[in-house]
Amino acid sequence: MAVKRGVTIKGTRDGLSLYMDDTYSYKELLSELEEVLSAQHILEEDPLIRVTIELGNRYLTSKQQDEIRQIFEKHNKLVIDKIQSNLIEKKTALEWKEQTDIKMYHRMVRSGQVLHVEGDLFLIGDVNPGGKVMASGNVFVLGSLKGIAHAGCSGNKQAVIAASYMAPSQLRIADIISRPPDSDEEGMYMECGFLDESYEKIRMERVTALSKVRPELNGFERRVMNG
Amino acid sequence: MGEAIVITSGKGGVGKTTTTANLGTALALLGNNVCLIDTDIGLRNLDVVMGLENRIIYDIIDVTQNRCNARQALVRDKRFDCLHLLPAAQTSDKTALTPEAMIEIIQDLKPDYDYILIDCPAGIEQGYKNAVAGADKAIVVTTPEKSSVRDADRIIGLLEQEDIDPPTLVINRIRNHMVNNGDMLEIDEIIQILSIDLIGIVADDDEVIKASNHGEPVAFQPKTKASIAYRNIARRILGESIPLQTLDEKITFLGKMKKMLGMK
Ligand SMILES: Nc1ncnc2c1ncn2[C@@H]1O[C@H](COP(=O)(O)OP(=O)(O)OP(=O)(O)O)[C@@H](O)[C@H]1O
Ligand SMILES: [Mg+2]
């Protein structure tokens with residue numbers, strides 16, 4: 001059998017990295033992967049090994065990714081941790097952009113009104129009692145926040161809410177809800193809310209605290225780096 | 001060509017009808033041709049406050065259903081020849097009136113009047129939509145209560161979607177001692193929340209109720225607190241710049257002084 005080097009494996013601190021040379025055809029790689037994995041003799045008592053697959057400049061459809069996962073499933077000591085590629089689909093890129101763009105509005109959000117955006121919301125104006133702002137990303141209010149604000153409304157627990165004057169009737173981040181104590185009439189200037197380490201409670205701090213708790217506020221960079 | 005102004009509030013009972021009657025009277029007093037339109041179908045009041053109840057022959061639904069034309073349905077005021085009322089129907093329901101019919105009536109009447117004031121029913125449904133349909137401008141009435149301000153905010157949000165000028169605000173039933181005690185929202189606070197231009201403040205005044213019961217709007221009286229306030233609003237509508245009454249200044253000034261001194 002000729003020596004093919006389309007698939008190479010390296011051990012790393014976190015497990016194994018499996019490189020799939022992007023100059024080979026997908027078919028070649030697939031059959032080579034079968035061979036490489038069958039050749040590995042892993043004992044029953046060995047612990048699970050996490051594998052990161054590095055695709056280089058190759059894009060795999062989710063169907064192709066499934067094929068690879070199926071090959072791995074036959075070798076049950078190996079689990080795919082993640083599949084990494086330098087490439088993403090145009091559609092995905094546009095989605096990320098949409099989800100992480102800053103949407104700027106200059107208006108009041110009055111009682112009974114709902115302002116809902118994909119991505120971060122930057123509102124210049126007040127959110128009045130009975131009004132509501134929602135964003136899949138962060139919510140920034142350059143004005144008084146007296147109504148409801150919901151950040152990370154599609155589930156992003158990293159999202160934050162900040163306001164020049166924070167006196168909300170309710171804050172929501174992902175699926176966590178908090179409201180000010182009933183006795184608390186006065187609001188706070190330049191405050192922000194975010195989920196604490198346990199991701200179970202909303203914590204309030206001066207906005208300056210954000211640089212410590214959420215150093216990567218820019219959602220787009222975060223997506224590109226972490227997928 | 002006249003200007004149609006809708007008087008609205010969202011919440012009921014805050015003084016829309018009283019404001020309509022008094023601004024109409026005050027504008028007529030200043031020599032304008034004024035037509036009042038009551039759009040509160042089924043709950044008409046404006047005729048009672050104006051003391052014109054038993055002069056009604058036709059109403060607005062008779063007009064929309066072609067039993068008469070708009071001019072035939074108008075009731076002339078007892079005191080002013082230049083002040084007319086198009087009454088609401090007492091028996092029909094809200095669905096009998098449509099925004100299209102309102103626009104038609106207002107277009108029809110506009111050439112004859114300087115001002116057409118439209119008394120809007122409470123709520124944000126059909127009745128509100130009818131009342132706003134033909135208006136060029138809007139006056140929002142609120143009292144210094146949280147719920148009233150909340151509803152005014154809701155209405156302003158809806159008005160902003162209409163093709164009319166930004167609405168102006170009347171704060172009604174201000175009670176000096178309650179504001180000073182911090183039991184009522186302060187004027188500054190209300191304006192800050194609603195962020196629209198204030199066109200007048202009317203004190204809570206027993207004379208208003210007395211006058212309404214006599215079918216003679218308080219604006220007709222020479223110098224009660226409320227009548228002066230209404231006449232000032234009328235002059236502001238006419239474009240004069242009149243400072244807010246000293247009463248109002250006292251409220252905020254006193255309030256601030258007390259705050260500074262740490263009094264509640
Ligand atoms: N400034 C005032 N001082 C004292 N009483 C007032 C004042 N303004 C209104 N009122 C009283 O409040 C009551 C309600 O006023 P009004 O009928 O004008 O309200 P409205 O907004 O038209 O109500 P609705 O929503 O039922 O149409 C009346 O009894 C009226 O006399
Ligand atoms: Mg009324």
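Quick note: the coordinates plus some simple rules give every number you see, no bench work behind them. Remember, predicted model here, so these are calculated numbers, not experimental data. FYI the Cβ positions are ideal-geometry reconstructions off the backbone, even for glycines, and counts take in every protein chain you see.
The table below gives the values:
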read-out	value
Whole-number D in µm² s⁻¹ for the stretch A:86-145, Kirkwood Cα-pair radius fed into Stokes-Einstein, 20 °C, 1.002 mPa s	176
Reachable aspartates and glutamates, given that their alpha-carbon falls under 16 Å from the alpha-carbon of A:K132 and they are not under 8 places away in the same chain	A:E118, A:D120, A:D175, B:D151, B:D153
For B:192-198, mean number of other protein chain Cβ atoms within 10 Å	3
Neighbour-limited loop hits for GluC sites (Glu not before Pro), the stretch A:76-126 (at most 14 other Cβ within 10 Å; DSSP other than H, G, I, E, B)	A:E89
Protection-proxy order for peptides B:144-154, B:45-55, each taking the mean of Cβ atoms within 10 Å per residue, highest first	B:144-154, B:45-55
Cα-based helix-to-principal-axis angle, A:26-39 vs chain A, degrees rounded to 10	70
Span per principal axis, largest first, for the Cα atoms of the stretch A:69-119 (Å)	59, 24, 13
Interatomic Cα distance distribution for the stretch A:7-87, bins of 10 angstrom, percent	17, 57, 23, 2
Of A:A209, A:A151, A:A159, the one that fluctuates the most in a GNM where chain A has Cα springs shorter than 10 Å	A:A209
Set of aspartates and glutamates near A:K27 by C-alpha distance (under 20 Å), chain-local residues within fewer than 8 positions excluded	A:E35, A:E54, A:D66, A:E67, A:E73
Alpha-carbon centroids, the stretch A:97-168 and the stretch A:3-34: separation in whole Å	46
Kirkwood Rh, Cα atoms: Rg over Rh of the protein assembly as shown	1.22
Neighbouring partner chain Cβ atoms per residue of A:122-131, average, 10 Å criterion	3
Average partner coverage of B:151-157, which counts Cβ from other chains inside 10 Å	6
Long-range tail of P(r) for the stretch B:91-195 (Cα pairs > 18 Å, %)	54
Chain B - Rg and Dmax from Cα coordinates, angstrom	18.1, 66
Local electrostatic count at B:R71 - Lys and Arg +1, Asp and Glu -1, tallied over other residues with Cβ under 14 Å	-2
Whole-Å distance, taken between Cα centres, linking the stretch B:191-216 and the stretch B:52-130	23
Value at 222 nm in deg cm²/dmol, rounded to 500, when DSSP H runs of n ≥ 4 in chain B each add -39,500 (n - 2.57)	-12000 deg cm²/dmol
DSSP bridge pairs, chain B: antiparallel proportion in percent, nearest 5	5
Share, in percent, of DSSP beta bridges within the protein assembly as shown that are antiparallel, nearest 5	25
Subset of B:K110/B:K146; A:K4/A:K82; B:K16/B:K223; B:K11/B:K78; B:K129/B:K225 violating a 26 Å alpha-carbon distance limit	B:K110/B:K146; B:K11/B:K78; B:K129/B:K225
